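Input: a single structure, listed below in structure tokens.
The values are calculated or read from the model by the stated rules, or taken from the named source; none is laboratory data. These numbers were taken from a predicted model, which means no experiment stands behind them. Every residue, glycine as well, gets a Cβ built from its backbone with ideal geometry; the counts of neighbours run over all protein chains shown.
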Amino acid sequence: MQVSRRRQNGYFHIEPTWRSAEATLHNAHRYMRAREQVAHLGRALDSRGVIEQAKGILMAVHRINAVEAFARLVEQSQLQNRKLHDVATRFVADLAGP
């Protein structure tokens, strides 16, 4: 918070300038939202690899295109009420064996 000084009756009168505090809070909020978005995008990039592996396996085994393979993964995700990443991870792990 900034303060401004002005002379009043021979004394300095100090008045807070709330614009500065408001701007600081606004910037802090934007910073936190940006951090959350970066974390979300990081998780998305981490899960993308295993989803792509699962799609590739489905494409090779069933001779289907990428869109159809993804649709099958999504369908299983919804049927099992599990995240797509978890379905793909389990699928790839099951095929990889012990």
Criterion violated by Val61 - all others in (1) surrounded by 11 or more Cβ atoms within 10 Å (Cβ to Cβ); (2) assigned to a helix (DSSP H, G or I) satisfied | (1)
Report yes if some residue within the range 50-57 is touching a His at 6+ places or on another chain (Cβ under 8 Å), of a type in the set (A, V, I, L, M, F, W, C) and in contact (Cβ under 8 Å) with a residue 40 or more places away in the chain; otherwise report no.
-> yes
Single condition Leu79 does not satisfy, out of (1) surrounded by 11 or more Cβ atoms within 10 Å (Cβ to Cβ); (2) modelled with pLDDT of 95 or more; (3) under 29 Å from the mean Cα position of the chain (by Cα) | (1)
